[in-house]
Every structure is written in structure tokens, then in C-alpha cells.
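Here's the structure we're looking at; comments come further down.
The values are calculated or read from the model by the stated rules, or taken from the named source; none is laboratory data. All of these numbers come straight from a predicted model, not from anything done at the bench. A quick note on method: Cβ atoms are made from the backbone with ideal geometry, for glycine too, and the neighbour counts reach across all protein chains shown. All accessible areas refer to the heavy atoms of the entire protein, side chains included, with ligands and DNA or RNA removed. Shrake-Rupley method; radii C 1.70, N 1.55, O 1.52, S 1.80 Å.
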Amino acid sequence: MNVRDSVDRALGPVAPDAGCESAAVNFAQYADGAVAGEDVSRAFPHVANHLAACPDCNQDYEGLVNCVRELAVSSEDTPPPPEH
Amino acid sequence: MDETLKLSPGAVAHLGWLRESSRLCLPGEAGTGRIGAIETPALASEQPAGGASHVAPALDANSRAWLAALRASGPDKDGALRKLHALLLRAARHEAYRRRPSLPDPVARDLDDLALQAADDALLSITGKLDDFRGDSRFTTWAYMFAIVEVSSKLRRHAWRGRRLNFDEEQWSRLPDRLAGPDDQAEGRELLRALRDAIATQLSARQREVFIAVALNGVPIDVLAERMDSTRGALYKVLHDARRRLRACLEEQGLGRPQLKETQ
């Protein structure tokens with residue numbers, strides 16, 4: 001990584017940014033869309049920009065997507081049937 | 001963020017909703033550094049984060065079943081809570097073990113305990129926020145998110161426990177030496193000198209601390225928020241403003257990068 005890249009990385013992307021709270025509100029929808037192959041960065045550009053700029057949120061989002069992908073539908077994904 | 005920004009009625013309504021619905025931390029835990037209460041409107045506050053107004057979609061059958069079970073009473077609710085906790089624990093453990101290779105040994109040894117704590121906290125948050133579920137994702141994805149945020153925050157804090165955060169002047173005054181390699185040309189070193197000077201002269205003390213810690217030294221915002229008795233969202237805004245000020249300063253000196261202009 002050269003100096004320009006290092007500085008650009010430290011300064012983050014230049015784009016409208018949702019901020020942590022607003023991005024988090026959309027994480028679940030964003031993750032479901034991403035796993036389904038949708039172009040979520042186009043549908044949610046402010047969330048995409050935030051993920052590029054906020055390391056903590058990006059790490060959380062990566063974890064969520066991985067979780068959705070890896071923990072495929074199992075019996076735990078459905079609530080127990082009513083007892084009566 | 002532009003403090004004088006005029007919000008559209010739709011944005012105001014959306015932000016009002018956010019204030020009520022997006023508090024992911026547990027009751028009484030605002031300020032712990034997790035995604036917490038909103039102190040300010042969203043940074044890109046002209047429109048909702050998705051860029052479009054929210055229209056509540058129809059719930060899928062599985063999500064409806066979860067909501068019905070969790071809103072039931074007696075044994076049905078107890079059963080749903082047990083099953084939800086199992087789901088949250090599975091997600092928390094999955095995430096904890098996925099990140100195990102990057103964690104220091106003392107944290108790696110505590111993964112199961114941390115995952116269990118995260119599942120407990122996530123369950124408490126979810127049961128208090130069922131009405132916030134909008135139905136625009138699967139319920140299980142929404143629930144996973146609480147588990148991931150909880151376990152992620154615990155892992156970061158555990159990993160940084162006892163480590164000193166250094167905001168000394170030395171940290172940024174040696175910027176050219178830290179970031180520039182032996183092969184970097186004079187223009188690269190000029191860029192670094194300009195950045196170092198901008199950090200010294202253009203930022204407030206708080207902006208300087210947050211920028212150095214997060215952007216230069218890689219301190220997780222959650223960890224910094226805990227040390228500064230703040231929240232992730234509040235410190236991210238400080239970082240965002242600091243970055244914007246530094247970029248503007250570099251651009252004034254002809255050292256900016258080709259880029260799209262911010263819309264605000």
C-alpha cells in the first residue's frame with residue numbers, strides 16, 4: 001500500500017453516509033438482500049457508504065451475512081408449534 | 001454533517017421513528033459503546049438510509065409464526081423464548097468462532113462464555129423491541145443481528161481490555177515515518193506532512209483523539225466509546241467530521257484525491 005492509499009484509507013470514502021444507527025436499522029434487510037444476490041448497495045447507497053467508512057459496523061455486517069449464509073434453515077429457525 | 005441542514009417532512013418522520021426504534025442497547029446501557037441511542041440525526045439526513053421511503057412489506061409465514069409465539073403467554077411463549085435463545089446462542093457462537101483466529105488467546109479461551117452472555121443480552125433486547133420489527137427482513141435475520149452486535153462488541157472489548165490507548169502527540173507527529181515506505185517519493189511525503197499538519201491545526205482535541213485512535217491506530221470504535229463514556233454512533237460522527245475537515249484541508253492545498261463531492 002502506498003502513501004496515497006494509506007491516507008485515503010485513513011480519511012475514508014467521500015460519500016453520503018447513513019451513520020451507525022441509521023445503517024444498523026437496515027442491516028437485516030441489507031443482509032437478506034445481499035444473500036439473495038440483490039444489488040443492495042444500489043438500493044441502500046447510504047448504508048453501503050457507511051459500511052465502507054465504519055470498521056465496527058462493517059465487521060458486524062460481515063458477521064451477520066456470514067451467519068445468514070452459514071446457518072442454513074434448520075429446525076431452530078422456526079418457533080415451536082403451539083401446545084394447544 | 002451540516003448543522004443547518006433542512007430536513008424534508010419525510011426525513012423528519014423517519015428520524016422520529018429511528019429515535020424510537022433503533023436503540024439496540026439494553027435498557028439502561030446507553031453509553032456503553034454498542035449501537036446506542038441516537039444523539040444526532042443520521043449523517044446523510046436528507047433521506048432514510050435506504051434512499052427510499054419505507055413501506056412495510058407483508059411478513060413471511062415464519063416471521064409471523066415467531067411473532068405470534070413470542071407474543072403468546074404461558075408455555076407457548078416459554079417455548080418460543082427457549083428456542084429463540086438457542087438460535088441466538090448458535091449465531092453468537094458461530095460469529096465468535098469465525099473470528100477466533102484474529103483474537104488474542106485470553107479472549108479465544110472465553111468464547112463460549114462470551115457467546116452465552118451475548119445470547120442472553122440479545123434475547124432481552126429482542127423481547128423488548130418486538131414491535132420494532134418491520135418485517136422487511138426475515139425475523140431470524142433481524143434476531144441474528146442482535147446476537148452479532150452483542151458478541152462482536154464483547155469480543156472487541158475483551159480483546160482490548162487492559163490495553164492503553166495512546167493519544168500522544170508522538171503518534172501523529174511521526175506520521176510520515178509510520179506510513180511512508182522507503183520507496184515513497186517526495187510527493188508522498190509531502191502528502192503525509194500536510195496530513196500531519198492538518199491533524200495538528202484543523203481538528204479539535206476530541207476529533208484528533210478519535211481520528212488518531214480509530215483511523216490511524218485501528219482502535220475499534222466500540223472500545224473507544226467505552227473508554228470515553230460515549231456511544232459508537234456519537235464517536236463515529238466525530239470521526240466523520242474530522243475526516244471531512246482533513247479532506248477539505250488537503251484539497252485546498254491541491255493534495256485531495258479525485259472524488260465525488262459530498263452532497264451535504
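Give the average, rounded to an integer, of partner chain Cβ atoms located within 10 angstrom of each Cβ in B:89-101.
Going residue by residue through B:89-101 and averaging, the value is 3.
On average, how much accessible surface per residue is there in the stretch B:61-160, in Å², for a 1.4 Å probe, leaving out ligands, DNA and RNA?
39 Å²
Taking the Cβ of A:A34 as the centre, find all other residues whose Cβ is under 15 Å away and add up their charges (Lys, Arg: +1; Asp, Glu: -1).
Here the charged neighbours net out to -4.
Summarise the accessible area of the stretch B:70-126 (1.4 Å probe, protein heavy atoms) by the percent that is carbon and sulfur.
Values: 1410 of 2760 Å².
Of all accessible area on the stretch B:70-126, carbon and sulfur atoms account for 51 percent.
Top mean-square fluctuation among A:N49, A:N26, A:N58, Gaussian network model of chain A, C-alpha springs under 10 Å?
Checking each option, the largest mean-square fluctuation is seen for A:N26.
Give the average, rounded to an integer, of partner chain Cβ atoms located within 10 angstrom of each Cβ in B:130-140.
The mean count of partner-chain Cβ atoms within 10 Å per residue comes to 4.
In whole Å, how far is the Cα centre of the stretch A:1-49 from that of the stretch B:83-107?
24 Å
Go through B:236-242, B:131-137 and give me the packing order, highest mean Cβ count within 10 Å leading. Kindly include the intermediate steps, with their values, before the conclusion.
On the way: B:236-242: 22.6, B:131-137: 17.6.
Ranked by mean Cβ neighbours within 10 Å, highest first: B:236-242, B:131-137.
Under a point spin-label approximation (7 Å from Cα along Cα-to-Cβ), what is the B:R71-A:E70 distance to one decimal in nm?
Going from the B:R71 label point to the A:E70 one covers 3.4 nm.
From other protein chains only, count the Cβ atoms within 10 Å of every residue's Cβ in B:230-237, then give the mean.
That average works out to 5.
Please give the total accessible area that chains A and B bury against each other, computed with a 1.4 Å probe and expressed in Å² to the nearest 100.
Its buried surface, counting both partners, is about 5600 Å².
Evaluate the stretch A:3-71: find the radius of gyration of its Cα atoms, find its Kirkwood radius, and give the ratio Rg to Rh. List each step's numbers first, then the result.
Details: Rg = 12.6 Å, Rh = 12.5 Å.
Over the Cα atoms of the stretch A:3-71, Rg/Rh equals 1.01.
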